[in-house]
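The next block holds one structure in the form of structure tokens; read it before the comments.
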Amino acid sequence: MIVRKAFPGSLLSSESTLTARFLSRLSAYNNLKSCSQCFVPSIYAQHGTFLRHNSTKLGRPEGLPLRDYQQECIEECLITIKKGYRRFAVSMPTGSGKTRTFYGLLEAISRGGAHSGHGKKWLILAHREELITQAYDHAKRLFPDLKTSMEMGKHTADPDADIIVASVQSISREKRLERFDGSDFSAIVIDEAHHAPAASYAKVLNHLGANNPDSEIVVAGFSATLSRMDGLALGSTFDYIAYHKDLSEMIKNGYLTDIKFTTIATDVDLTGVKKARGDFATGSLSKAVDTPALNELVYKAWKRQSGKHSLIFGVNIEHVSNLALTFRENGIDAHVVTSDTPRDLRRGLVEDFRNGHLPVLINCGIFTEGTDIPNIDTVILVRPTRSAGLLMQMIGRGLRLHPGKEVCHIIDMFGSSSNANALATVPTLAGLDPSQVRVIDKAEIANGVSRPRVVASSKDPDSVYVEDFDNLDDFLNRNGGKLNTSAISRSRLNWIPSGQNNFLLFGKEGYLRLCPDANPSKLAPKYSLIQYFENPFREDNRGAKYLRKYIFESMPDFNAAVNAAELFARQNCPYHLVAKNVPWRSQPCTINQEKAVMKLFTKVVVDGDEEGMKRAKTICKDLTKGQSANIINLASIGNKSILKDMLYPKKEKKSKADLFEFLQAGPVNKLEIKLSQN
């Protein structure tokens, strides 16, 4: 729900003219910025006396240098607030200085005035220690006259502090949360805002009243990946995307280092790896990728590159330990950082790596967020992922500028970056409301579901296919701009293509349609999920057979839309009916199915075509239950083109003999995909 609220008295009133003055100062700032190396203090600190200042203790930074896009971001956020959106999100790439930007925004909000009786404190929420300590250190350095306090683990924040930086896991605990009063706060920042749909964030925001439509607290979310692989809607927390800056633009403008890609073809079969929350389950994934041959291949890939500071992402503790052992056996001083690494040792290793004393640092799930190590010049991805967000987080570790660093070399061992769209993800608040998601009993999905066997690599590490891309544009354009439908092809649900970029999923009493929005932009199509269910008011075959309901609309990324659709399907459809790899689909069709399909064939056979009738009978006898169900379901909604394609294939399509082969083979072309049992 979008909640718009005008601000009487005005946080950004026309009388205070903060926005107009901001634009005036921004213009002056841009004029002064002709020397790119000069140090430009914050315009808010420089002209603080010119602006309204209701806080009696707001300390001025000793100079908060902001890049032009950071100033632009703050401006857009202020305009967004004036429009009446007080819960908004910002999408900026990793390495773009989100922490500095949101403190600049908080300063601007405070200097713009506050409502009578409205609080003046700031709350920074994050979920990782590195993010929290980074935000805390920035606040102490930028606002020395304000009291900054931390709420995390053994650290208990002073409720009277001006700036509170909190771990969401800690502050969301009942006894800790009740110490804070929402009326004390003017603004809340959520760092890595793609985590915001989690229940712990909602608990904090609800307690402070920030989710109340009448609240005057500004809630600003910052993230490099403003979308979720699990399909949950960020719109449950934010009402508006105030600003977006993409990775390619940041690189072209010289704010991030350019990227060189190397993809290495391995024969690891990930089709049998279990999934969890939209990505690979780490335990199952580790069994597939943690082998001596692959670990040796990682070392040889590292040896092939020329970087001096390499960060490697592995799957789990056992995997990264084995990787480190391989490097050490080859004489390389590689160290491991995991969740088991003591805090002091972790900090020491990071500092040694940052100072160039360690050539290789290997981690699992530690340095994906909130890590500032600008000298990283090589990132090796040994942790396959389906998540565009996680991929961006891993790659982003190497994108910060650093003296002497001209490019960051990304080495992709398992094709995680095969989806070019992942590196050009469009931010979105669309998706499923977290309140609609329930916990699924394992028994619901265990009913007859077979999982493919996980196959580890047997490829000789000395004979693999390696492909290099000199920059980001070359890498993004390697697919010729075609829509990447990998999320559909690797899905475990029985999606049936039906027209261009349309996919159907049939359940018990209706079906789902994933399709482009009506009148989509040719340059940037968006996608919707529509649920069709049987019309309970239909009598004597009169009236519409199905009624429809939009589950979500205008999802800008196709694969993100697929993941959201799958989450909804798993929550609302019997799994044994919508799953692709269930035993019943490969069983011979029943007599009733054979008769039903044959009856459909008789309606499309040309009058007097005896050969056509013979082909129809032959096809019907060879169908499986799954293929028959697909044909019957498609015909039930008026799509009978598949029947004609089978009986009267066009010359450019497969021969008659080949038409029967696809009934056992995996999907290859349009016709095969429609009927494939796999």
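The values are calculated or read from the model by the stated rules, or taken from the named source; none is laboratory data. Just so it is clear, the structure is predicted and the values come from calculations on it, not from any experiment. Cβ coordinates were reconstructed from backbone atoms using ideal geometry, including for glycine residues, and neighbour counts include every protein chain displayed.
For residues that are under 21 Å from LEU505 (Cα atoms) and free of Cβ contacts under 8 Å to residues at least 60 places away in the same chain, tally how many sit in the range 595-645.
Of the residues in the range 595-645, 18 are under 21 Å from LEU505 (Cα atoms) and free of Cβ contacts under 8 Å to residues at least 60 places away in the same chain.
Only one of the numbered conditions (1) modelled with pLDDT of 90 or more; (2) part of a helix (DSSP H, G or I); (3) among the hydrophobic types (A, V, I, L, M, F, W, C) is not met by PHE88, and that is (2). Of all residues in the range 541-560, those satisfying the criterion of being assigned to a loop (DSSP other than H, G, I, E, B) and at pLDDT 75 or above are ALA544, LYS545. For the range 637-659, give me each residue that is part of a helix (DSSP H, G or I), modelled with pLDDT of 75 or more and among the aliphatic types (A, V, I, L, M). Those that are part of a helix (DSSP H, G or I), modelled with pLDDT of 75 or more and among the aliphatic types (A, V, I, L, M): LEU643, MET646.
Under 29 Å from GLU129 (Cβ atoms), free of Cβ contacts under 8 Å to residues at least 24 places away in the same chain, in contact with a helix residue (DSSP H, G or I) (Cβ under 8 Å, 6 or more places away or on another chain) and not aliphatic (A, V, I, L, M): is that true of ASP344 in this structure? Please lay out each step first, then the result.
Values: under 29 Å from GLU129 (Cβ atoms): yes; free of Cβ contacts under 8 Å to residues at least 24 places away in the same chain: yes; in contact with a helix residue (DSSP H, G or I) (Cβ under 8 Å, 6 or more places away or on another chain): no; not aliphatic (A, V, I, L, M): yes.
In short, no.
Do we find a residue being in contact with an Asp or Glu (Cβ under 6 Å, 6 or more places away or on another chain) and in a loop (DSSP other than H, G, I, E, B) anywhere in the range 117-124? Checked against the condition, which is being in contact with an Asp or Glu (Cβ under 6 Å, 6 or more places away or on another chain) and in a loop (DSSP other than H, G, I, E, B), the range 117-124 yields at least one hit.
Is it the case that some residue within the range 174-195 is part of a loop (DSSP other than H, G, I, E, B) and crowded, with 22+ Cβ neighbours inside 10 Å?
Checked against the condition, which is being part of a loop (DSSP other than H, G, I, E, B) and crowded, with 22+ Cβ neighbours inside 10 Å, the range 174-195 yields at least one hit.
The set of residues in the range 342-380 being modelled with pLDDT of 90 or more, of a type in the set (S, T, N, Q) and closer than 21 Å to GLN393 by Cα consists of ASN363, ASN375, THR378.
May I ask you to list the residues in the range 586-603 that are buried (at least 19 other Cβ atoms within 10 Å of the Cβ) and either assigned to a loop (DSSP other than H, G, I, E, B) or in the same structural domain as ASN494 (by TED's automatic domain parsing) (or both)? CYS589, the sole residue that qualifies. The one condition from (1) of a type in the set (S, T, N, Q); (2) under 28 Å from ASP468 (Cβ atoms); (3) not in a loop (DSSP other than H, G, I, E, B) that THR271 does not meet is (3). Does the range 396-419 contain at least one residue that is crowded, with 18+ Cβ neighbours inside 10 Å, at pLDDT 75 or above, touching a Gly at 6+ places or on another chain (Cβ under 6 Å) and farther than 16 Å from ILE312 by Cα? Yes - at least one qualifying residue is present in the range 396-419.
Of ALA281, ALA288, all but one fail to be surrounded by fewer than 17 Cβ atoms within 10 Å (Cβ to Cβ), assigned by TED's automatic domain parsing to the domain that holds ASP333, more than 20 Å from LEU361 (Cβ to Cβ) and among the hydrophobic types (A, V, I, L, M, F, W, C); the exception is ALA281.
When you look at LYS617, is it outside the structural domain of SER491 (by TED's automatic domain parsing) and either hydroxyl-bearing (Ser, Thr, Tyr) or outside any loop (DSSP other than H, G, I, E, B) (or both), yes or no?
Details: outside the structural domain of SER491 (by TED's automatic domain parsing): yes; either hydroxyl-bearing (Ser, Thr, Tyr) or outside any loop (DSSP other than H, G, I, E, B) (or both): yes.
So LYS617 passes the test.
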